[in-house]
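Q: Below is the structure I would like to discuss, written out as C-alpha cells.
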Amino acid sequence: MRIAWAFTGAGHLLLESVEELEKLAREHKVTIMISRAAEEVLKMYGLFERVKKLEGGYYRELILERDEGFSFPITGRLSLGRYDLLIVSPATANTVAKIVHGIADTLVTNAVAQAGKGKVRTIIVPVDLEEGEVETVIPSKLELTICRRCETCNAAAACPQDAIIPGVEIQLLKCIGCGNCQKACPYGAISGGSTITLHMRNIDVDNTRRLKRIDGIQVIKEPVEFWNHL
C-alpha cells in the first residue's frame, strides 16, 4: 500500500505514533509529512531522528512543512488519489478545529482537504477525544526545587544544543531530547518523561465529535488501532 502519515505538534500519543509508523514502514511505502510544530515537538521528545531514518526513495520521502512553501505541492498526490490511505497521528486540537471548519492552511490540514478531494480514506487520532482528564508525558524539564544552582552547571555543559539556562529553564525549541543533561546532573534536577494530567476542553472535544461526521474521515482512539482498518 501507499500510505501518507502526517504528524502535528502534539506530545500526547507521539511515541506511540512513531512506534506504529516504524512497523508500518517495514511493510508498506509510507510518505511522512511533518508540520512545523511537529518538527519541533519530535525533536523535544528525542524522536525526530527515529522518524528521519524511515525515509528512503520514491513515496518513502520525509516531507517538512517548512520546505513546502504555502502551496504544499506534495499534497497534490492526495488530490490525484495516489495514496491508499492518509493517517494523521497524533492530531492536535488546533488541527482538528481547522479541519472541521474547512481551513486548509497548513501541510497537514491541506493534506486532509486534498485527500477528501481525491477520495483517499483518512484516519485521524485526535489527542482531545473525550471529556475528562488524560495523562500525558512531557519533555525534559528543569526541576527548580531540586536544582542547586551550581557555579558550573554540568547539565548545561553537557548539552550539545546550548538549550539550558542554568538555574532557570530548558529552552525546548533548542532541545533535541538527547538526555545528556539528565545523565550529567549529579542532583537529578533534570526530569524526563514526567507524567502530567490535562483537562480536556469542551470546545476541543466537541470539534472531535464534528470531525467524526465528516465523510471519508475515520476517528480512532489510539495509533495501534489503525491496523484494524488497513
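Q: Any chance you could count the Lys pairs in the chain whose alpha carbons are under 20 Å apart, treating pairs 8 or more apart or on different chains as valid?
A: Close lysine pairs found across the chain: 22.
Q: Scan the chain and report its longest stretch carrying no trypsin sites (Lys or Arg not before Pro) that are both in a DSSP loop and have at most 16 other Cβ atoms within 10 Å. Let's see the in-between values first.
A: On the way: sites that count: 53, 60, 82, 119, 148, 149, 174, 201, 213, 221.
Of all site-free stretches, the longest is 1-52.
Q: Taking the convex hull of the Cα atoms, report for the range 156-230 its projected area averaged over all directions, in nm².
A: On the way: hull surface 33.8 nm².
In nm², the orientation-averaged hull projection of the range 156-230 is 8.4.
Q: Would you pull out the residues with amide H under 5 Å of residue 124's amide H, same chain only if 5 or more places away, H placed 1.01 Å from N?
A: Close amide H contacts, sequence-distant or interchain: 88, 218, 219, 220.
Q: Starting at the first residue of the range 45-59, write each ³J(HN,Hα) from the Karplus equation 6.51 cos²θ - 1.76 cosθ + 1.60 with θ = phi - 60°, in whole Hz, x for Gly and Pro.
A: Per residue, the Karplus-derived 3J(HN,Hα) values read 8, x, 10, 4, 5, 4, 5, 4, 5, 7, 6, x, x, 5, 6 Hz.
Q: Can you give me the accessible area per residue for the range 94-230, using a 1.4 Å probe, in Å²? Walk me through the numbers before you get to the answer.
A: Details: 7680 Å² over 137 residues.
Computed with neighbouring chains in place, this is 56 Å² per residue.
Q: Roll a 1.4 angstrom probe over the protein heavy atoms and tell me the percent of accessible area of the chain that is carbon or sulfur.
A: Working: 5560 of 11520 Å².
It is 48 percent, rounded to a whole number.
Q: Would you pull out the residues with amide H under 5 Å of residue 171's amide H, same chain only if 5 or more places away, H placed 1.01 Å from N?
A: Long-range HN contacts for residue 171: 164, 165.
Q: Follow-up question, since we're still on this one. Does the range 189-230 come out rounded, prolate or oblate, given a ≥ b ≥ c as the square roots of the eigenvalues of its C-alpha gyration tensor, rounded meaning a/c under 1.5 and, failing that, prolate meaning a/b above b/c?
A: Values: a/c = 4.62, a/b = 1.55, b/c = 2.97.
Oblate is the answer for the range 189-230, as a/c is 1.5 or above yet b/c matches or exceeds a/b.
Q: Going by a ≥ b ≥ c, the root eigenvalues of the Cα gyration tensor, does the range 100-219 fall in the rounded group (a/c under 1.5), the prolate group (a/b larger than b/c) or the oblate group?
A: Values: a/c = 3.89, a/b = 2.34, b/c = 1.66.
Prolate shape, in that a/c is at least 1.5 and a/b is the bigger ratio.
Q: Then there is this: Amide H of residue 33: which non-local residues (sequence gap of 5 or more, or other chain) have their own amide H closer than 5 Å, using H built in the peptide plane?
A: 5, 6, 7, 63
Q: Restricting attention to the range 45-141, which chymotrypsin sites (Phe, Trp or Tyr not before Pro) occupy a DSSP loop and are surrounded by at most 14 other Cβ atoms within 10 Å? Kindly include the intermediate steps, with their values, before the conclusion.
A: Values: sites: 45, 48, 58, 59, 70, 83; in loops: 45, 58, 59, 70, 83.
Counting only loop positions with at most 14 other Cβ atoms within 10 Å, the chymotrypsin sites (Phe, Trp or Tyr not before Pro) in the range 45-141 are 58, 59, 70.
Q: Right, another one. On C-alpha positions alone, give me the angle between the axis of helix 202-212 and the longest principal axis of the chain, in degrees, nearest 10.
A: For 202-212 against the chain, the angle is about 40 degrees.
Q: Pull out a ≥ b ≥ c, the square roots of the eigenvalues of the alpha-carbon gyration tensor of the range 1-129, then state rounded if a/c is under 1.5, prolate if not and a/b is larger than b/c, and oblate in the remaining case. If you can, show how the numbers build up before the last one.
A: Values: a/c = 1.40, a/b = 1.08, b/c = 1.29.
It is rounded, given that a/c, with a ≥ b ≥ c, falls under 1.5.
Q: Is there a quick way to get the dipole size of the range 59-205? I mean about its Cα centre, with the Cβ of Lys and Arg at +1 and of Asp and Glu at -1; what is the value in debye to the nearest 20?
A: 420
Q: Hey, what's the Kirkwood Rh for the range 35-95 if you take every pair of different alpha carbons, in angstrom?
A: Details: mean 1/r = 0.0759 Å⁻¹.
One decimal place: 13.2 Å for the Kirkwood radius.
Q: In deg cm²/dmol, rounded to 500, what helix-only [θ] at 222 nm does the chain give when every DSSP H run of at least 4 residues adds -39500 (n - 2.57) and the total is split over its residues?
A: Values: 9 runs with 72 residues, N = 230.
That calculation yields -8500 deg cm²/dmol at 222 nm.
The values are calculated or read from the model by the stated rules, or taken from the named source; none is laboratory data. Here the structure is a predicted model, which means the values were calculated and not measured. All Cβ positions, even for glycine, are placed from backbone atoms using ideal geometry, and neighbour counts span all protein chains on display. Surface accessibility is based on the protein's heavy atoms, side chains included, excluding ligands, DNA and RNA. Shrake-Rupley method; radii C 1.70, N 1.55, O 1.52, S 1.80 Å.
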